[in-house]
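For reference, the structure discussed in these notes is given below.
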Amino acid sequence: MLAVIGTIPTPSMPVTEGPAALGRGGLSVAGLGIAPGEISLDRGTPALLGAACAACGVLGLPAPFAFLVGDEGRGHGSRALYRHLVDVLPRRSLSTLAFHYLLPDVMWHDKVLFAVNEMQPRPRLIADAGFMYAAKMSGQAPAYDLFTPDAGELAFLADEQAPHPFYTRGFILHDDNRVPDLIRRAYDGDNAAACLLVKGSTDHVADRTGVLSTVDSPNEAAMEAMGGTGDTLTGTVAALIESGRDVADAARIAARVNRLAAKLARPTPASRISEIIAHIPQALTLALAGEVR
């Protein structure tokens, strides 16, 4: 089973876990105690979770399991969720873990990774956003199967001296033209997962050998201005990995799906990410049909 781990900007929400569901009323999580639709899909972990729900439905997979907590960036909720994960993960049967927005904390990251290493069998690991920062800062990036950075986050991974994203050296530019070089630097410093899905105007899938594939179409200009499109991409690739696909193939297909969903949604700069998520089932169906041909 796929599990998505992250935060919601509602400070009063305690550590909560349960199956997620995406219905007409919106996103709901068993045990959360709020009605469907009260969890905003606009961006962040809910957007990732909504995309994963939509993709799992097409792939015939169980609904993703969610580990969530409220945190507006102060870290109290994140630390509570870290503590909970350390306690419960060794006894759980989960095949793919997607870590998302959590306040980066190297000590707690390492404790969670130790707990993951006790799981039998060990799940595949995906990290994005704050948890990806913590993985790099801890020196444990190679323990992960996939990172999903944008070009700016890739610059942090490529800077072998930066202890935190704030300190990424200015000469390490993060425009799309330098993505292959930044990928090489990240691997040279052992600061990248086994596979990278670099999100941008052109999406790059890479491993230690270099760029494996790129995806640049369809290209909806309005998508670049929308917050949350990177989150939906990570949710889709998590579901594809859970389906048993090779990580690099899953990343390439997910990049195509995200772009197809945007094309189907015909977004404007005022569009919401929920409009993209609504088209993921059709986009994934089309992308998989193209893989068969």
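The values are calculated or read from the model by the stated rules, or taken from the named source; none is laboratory data. All values derive from a computational prediction rather than experimental measurement. Counting neighbours? That spans all protein chains shown, and the Cβs are built from the backbone with ideal geometry, glycine included.
Yes/no matrix, rows are residues, columns are (1) out of contact with any Ser or Thr (no Cβ under 6 Å at 6 or more places or on another chain); (2) within 16 Å of G44 (Cβ to Cβ); (3) in contact (Cβ under 8 Å) with a residue 12 or more places away in the chain; (4) not in a strand (DSSP E or B):
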position: C56; (1), (2), (3), (4): yes, no, yes, yes
position: A63; (1), (2), (3), (4): yes, no, yes, yes
position: A66; (1), (2), (3), (4): yes, yes, yes, no
position: E72; (1), (2), (3), (4): yes, yes, yes, yes
position: A80; (1), (2), (3), (4): yes, no, yes, yes
position: L89; (1), (2), (3), (4): yes, no, yes, yes
position: L94; (1), (2), (3), (4): yes, no, yes, yes
Residue check, A248 crowded, with 24+ Cβ neighbours inside 10 Å, not in a loop (DSSP other than H, G, I, E, B) and not basic (K, R)
no
Filtered residues of segment 254-282 (kept if at pLDDT 95 or above and polar (S, T, N, Q))
N258, Q282
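Is it the case that A141 is within 25 Å of G50 (Cα to Cα) and either touching a residue at least 24 places away in the same chain (Cβ under 8 Å) or in contact with an Asp or Glu (Cβ under 8 Å, 6 or more places away or on another chain) (or both)?
Answer is no for this residue.
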Would you check if there is a residue in segment 164-174 being under 21 Å from G210 (Cβ atoms), hydroxyl-bearing (S, T, Y) and either touching a Phe, Trp or Tyr at 6+ places or on another chain (Cβ under 8 Å) or in contact (Cβ under 8 Å) with a residue 40 or more places away in the chain (or both)?
no
Here are some conditions: (1) in contact (Cβ under 8 Å) with a residue 40 or more places away in the chain; (2) surrounded by fewer than 23 Cβ atoms within 10 Å (Cβ to Cβ); (3) over 21 Å from G57 (Cα atoms). K263 meets all but one. Which one does it not meet?
(3)
Answer residue from segment 266-284, given it is in contact with a Leu (Cβ under 7 Å, 6 or more places away or on another chain) and more than 18 Å from D150 (Cβ to Cβ) and is surrounded by the fewest Cβ atoms within 10 Å (Cβ to Cβ) among those:
Q282
Residues of segment 116-158 classified as surrounded by fewer than 24 Cβ atoms within 10 Å (Cβ to Cβ), under 17 Å from M1 (Cα atoms) and of a type in the set (G, A, S), total:
0
Would you check if there is a residue in segment 123-139 being out of contact with any helix residue (DSSP H, G or I) (no Cβ under 8 Å at 6 or more places or on another chain), of a type outside the set (A, V, I, L, M) and on the phi > 0 side of the Ramachandran plot?
yes
Filtered residue count, segment 52-81, keeping only those that are touching a strand residue (DSSP E or B) at 6+ places or on another chain (Cβ under 9 Å) and buried (at least 18 other Cβ atoms within 10 Å of the Cβ)
17
Closer than 23 Å to P62 by Cβ, of a type in the set (S, T, Y) and surrounded by fewer than 24 Cβ atoms within 10 Å (Cβ to Cβ): does that describe T234?
no
Which one is farthest from C53 (Cα to Cα) among residues in segment 95-110 that are buried (at least 23 other Cβ atoms within 10 Å of the Cβ) and of a type outside the set (F, W, Y)?
H109
Restricting to segment 198-226, and then to whatever is in a helix (DSSP H, G or I) and exposed (fewer than 14 other Cβ atoms within 10 Å of the Cβ), can you tell me which residue is modelled with the lowest pLDDT?
A225
Do we have any residue at all in segment 101-109 that's within 24 Å of I277 (Cα to Cα) and touching a residue at least 12 places away in the same chain (Cβ under 8 Å)?
yes
